[in-house]
Amino acid sequence: NDYEPNLIFCDILMPRLDGYQTCAIIKRNAKFSAVPIVMLSSKDGVFDKARGRMVGSQDYLTKPFTKDQLLQTVQELGSAKQGVV
């Protein structure tokens, strides 16, 4: 598979693997380790955000987030992956 995403969004609450486990697995894969990951969750505690950073996420958006917050994150992290900061 030749698909290489510029940005990955990962919800924390998912069936089977949670978002933290999923993020850690993605970051261990050499092909995707440099791709920025944004965690999405209704959990807004300091521990939740810190845990996201510990497993490799670059940002954390708390639901409900605004369109502007989402677009800003995409612009910042999507361009960073492409080297266009």
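The numbers here are math on the coordinates, done by the rules we state, and not lab data. Being a predicted model, the structure only gives us computed values, none of them experimental. Ideal geometry is used to build each Cβ from the backbone, glycine not excepted, and the neighbour counts take in all protein chains shown.
Note on the chain: lysine pairs with Cα distance below 17 Å, sequence gap of 8 or more or different chains, count 5.
Find the percent of Cα-Cα distances in region 37-81 that exceed 11 Å, and round it to a whole number. So the pairs more than 11 Å apart make up 65 percent of the total in region 37-81. Taking only the alpha carbons of the chain, we obtain Rg and Dmax values of 12.6, 37 Å in that order. Relative contact order of the chain: 31 percent, from C-alpha pairs under 8 Å at least 6 residues apart in sequence. The dipole here belongs to the chain: it is taken about the Cα centre, uses +1 on the Cβ of Lys and Arg and -1 on the Cβ of Asp and Glu, and is about 240 debye.
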